[in-house]
1. Can you put 175, 95 in order, fewest other beta carbons within 10 Å first?
2. Can you sort 135, 92 by how many other beta carbons sit within 10 Å, fewest first?
3. Of 100, 123, 108, 23, how do they rank once you tally other Cβ atoms within 10 Å and put the fewest first?
């Protein structure tokens with residue numbers, strides 16, 4: 001087995017417009033953000049949140065983090081910030097909204113990674129368009145392309161083009177667990 005688990009940085013997109021309230025909702029005895037962070041940290045040694053600068057005074061400071069200083073507020077900027085901050089060439093990027101995934105999904109992606117621009121999952125029961133761009137491995141070389149590009153998740157896939165490598169989710173995994181609806 002490769003040692004990517006120690007070498008690969010993991011970033012969790014947090015605090016976006018949709019997630020700000022959800023991140024601090026109680027789920028059992030902990031908040032959603034802590035639950036999500038703990039899940040990713042069970043696999044990766046180096047995990048950080050990506051937040052906006054104005055959130056640096058909120059509860060997000062309880063976690064290792066990096067602030068994006070861009071005026072735009074979208075997930076593409078969060079991905080670009082993570083890639084620019086990362087020490088590793090391969091970077092796992094997830095979302096704070098995704099916390100109930102089976103850890104085997106991360107392990108499988110890391111084992112399969114061979115230097116692609118992006119490696120992630122799609123719902124094998126549907127089309128390859130049923131992908132999740134915020135639960136996968138990015139190559140750090142994409143950072144510059146993303147900053148200059150459009151502001152949607154589909155735009156990320158378009159910028160990467162043919163370098164998007166998608167594998168079908170295992171049939172026993174519900175695609176909603178990684179945010180594919």
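Every number here is computed from the coordinates shown, using simple stated rules; none is lab data. It should be emphasised that the depicted structure is a prediction, and the values quoted were computed from it without experimental measurement. In this analysis, Cβ positions are derived from the backbone assuming ideal geometry, glycine residues included, and neighbour counts consider all displayed protein chains.
1. If I rank by nearby Cβ atoms, fewest first, I get 175, 95.
2. 135, 92
3. 100, 108, 123, 23
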